[in-house]
Amino acid sequence: MEDLIIFATILFMSFTYLLIGFGINQKNAKYFLAGYNTMSAEKKEHFDIDNYLKFFKSFFKKLFLFPPLSFILFSIFREGDSLIVIWSLAQVVPFVLFQAKSSKYH
């Protein structure tokens, strides 16, 4: 049962990232894109939303592969609870990179 929950969690995360990658566009960014949705109209005019969305969408489409691949990689070296903890903590790493790379758009 535990393996089923882990597998379902990995699939859910992966497909959520894929859905974000395909789902966010210029029309709905004003509602769904954190930071952009709270900008003033003046700041939105000066923000390069087209290039940011190219970066954003590409990042999340690639991120789709990270949960299953990282789980497979970490399962070679660990098992049980330590595998889950290490894998869970590793899921933060892409978002640190995302924050660093997306800062050039601000």
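I need the full set of residues from the stretch 50-106 which are closer than 27 Å to residue 7 by Cβ, among the hydrophobic types (A, V, I, L, M, F, W, C) and touching a residue at least 40 places away in the same chain (Cβ under 8 Å), in order please.
59, 60, 63, 64, 65, 66, 71, 84
Return the total of residues in the stretch 50-91 being within 19 Å of the chain's Cα centre (by Cα), more than 19 Å from residue 15 (Cβ to Cβ) and charged (D, E, K, R).
Result for the stretch 50-91: 2.
Considering only residues that are assigned to a helix (DSSP H, G or I), surrounded by 15 or more Cβ atoms within 10 Å (Cβ to Cβ) and at pLDDT 95 or above, which ones fall in the stretch 17-49?
17, 18, 20, 21
The values are calculated or read from the model by the stated rules, or taken from the named source; none is laboratory data. This one's a predicted model, so the numbers in the text were calculated from it and none came from an experiment. So basically every Cβ, Gly included, is an ideal-geometry build from the backbone, and we count neighbours across all protein chains shown.
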